[in-house]
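The values are calculated or read from the model by the stated rules, or taken from the named source; none is laboratory data. If you're wondering where the values come from, they're calculated on a predicted model, not measured in any experiment. When we count neighbours, we look across all protein chains shown, and the Cβ atoms used for this are built from the backbone with ideal geometry, even at glycine. When the accessible area is computed, the model is the full protein with side chains, heavy atoms only, and any ligands, DNA or RNA have been set aside. Shrake-Rupley method; radii C 1.70, N 1.55, O 1.52, S 1.80 Å.
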Amino acid sequence: GQQVMQIPQYQHVQEGEDFTTYCNSSTTLSNIQWYKQRPGGHPVFLIQLVKSGEVKKQKRLTFQFGEAKKNSSLHITATQTTDVGTYFCAGPVAGDSWGKLQFGAGTQVVVTP
Amino acid sequence: NAGVTQTPKFQVLKTGQSMTLQCAQDMNHNSMYWYRQDPGMGLRLIYYSASEGTTDKGEVPNGYNVSRLNKREFSLRLESAAPSQTSVYFCASSEMDEQFFGPGTRLTVL
C-alpha cells in the first residue's frame with residue numbers, strides 16, 4: 001500500500017543552526033501538506049504544495065515539492081526554541097476523493113538553547 | 001468559533017469497559033476523521049465520514065465503531081476496550097484540503 005516516510009525521526013538542533021527534514025512517498029502525490037504538532041498539542045496545518053518543483057516560504061521555513069511529486073522537504077533556518085515540536089508531512093490517499101490523508105511518522109525536533 | 005472540540009480530554013478505562021469519545025466542529029465541514037497517535041507511528045486513520053450519514057473504515061478500524069450523528073458531530077465508540085487501544089485520539093474535520101484537529105483525548109486502558 002501507499003507509504004509516506006519521513007527522515008530523520010529525531011532531530012536535535014542547536015539554537016541558531018539550520019536543518020532539513022525529508023518526506024518521501026511511495027506513490028506520486030497530487031499535493032503534499034505539512035503539519036506541526038507542539039509537545040502536548042494537536043497537529044496544526046502549515047502549508048500545502050501542489051505544483052511540481054514548487055517552493056514556498058513562511059518566514060524561516062522553506063518548503064519544497066519534488067519535481068516527480070514523490071518527495072518534499074522542510075528547511076528551517078536559524079532554528080529557535082519556538083520551532084520545537086513534531087513536523088508531519090501528509091499526502092492524499094491514492095484513489096480517494098474524500099480528503100483522506102496518509103501521514104508520515106513525523107520528525108521530532110528538539111532545540112538546545 | 002471553537003473549531004473542533006473533543007471530550008473528554010483524559011480517560012482511564014479497565015479492560016473490557018466501553019466508552020464513547022465525542023467530537024464536534026462548527027466550521028460546517030462535510031468530512032470528519034478519527035485518528036489515533038502512537039509514539040513513532042504518526043497519525044493513523046481509524047474511521048472517517050465524507051458527509052452526514054456516511055462512514056467508512058480507515059487504516060486501523062478493528063475494535064472501534066463510529067456514528068455521524070449530524071453534520072457537526074462524529075463520535076467514536078470502543079465497545080470492549082483493550083490495552084492495545086491505549087493512545088491519543090484526535091478528531092479532525094476538513095472541506096477537502098487542510099484538516100483541522102481537535103485537542104485530543106488521551107486514553108489509557110489498564
Taking Rh as the Kirkwood radius computed over alpha-carbon pairs of the range B:34-74 and applying Stokes-Einstein at 20 °C with viscosity 1.002 mPa s, one gets a diffusion coefficient in µm² s⁻¹ of 198
Given labels modelled 7 Å from the Cα in the Cβ direction, how far is it in nm from B:Asp38 to B:Thr86? 1.2
Taking the dipole of chain B about the Cα centre (Lys, Arg +1; Asp, Glu -1; charges at Cβ), the one of B:Tyr35, B:Ala81, B:Thr7 that reaches farthest to the positive side is B:Ala81
Taking the convex hull of Cα positions in the range B:19-89, its mean projected area over all directions (nm²): 4.6
Arranged from highest to lowest average of other beta-carbon atoms within 10 Å per residue, in what order do the peptides B:43-50, A:68-75 appear? B:43-50, A:68-75
Counting all C-alpha pairs of the protein assembly as shown, share separated by more than 28 Å (%): 30
Average accessible area per residue (Å²) across the range A:10-113 - probe 1.4 Å, nucleic acids and ligands excluded: 47
For the modelled label position 7 Å from the Cα of B:Gln22 along Cα-to-Cβ, which residues of the range B:39-68 have backbone nitrogen atoms closer than 15 Å? B:67-68
Between beta-carbons, use under 14 Å as the cut-off and find the net charge around A:Val13, counting Lys and Arg +1, Asp and Glu -1. -3
Shielding by partners - mean other protein chain Cβ count within 10 Å, residues of B:31-38: 2
In Å² (nearest 100), what accessible area is buried between A and B, both sides summed, heavy protein atoms only, 1.4 Å probe? 1600
Using only the heavy atoms of the protein chains and a 1.4 Å probe, how would A:Val4, A:Val110 rank by accessible area, largest first? A:Val110, A:Val4
Most packed first (mean Cβ within 10 Å per residue), the peptides B:74-86, B:29-41, B:52-64 order as B:29-41, B:74-86, B:52-64
Förster radius 41 Å - calculated FRET efficiency between A:Ala78 and B:Glu95, Cβ distance, rounded to 0.05: 0.75
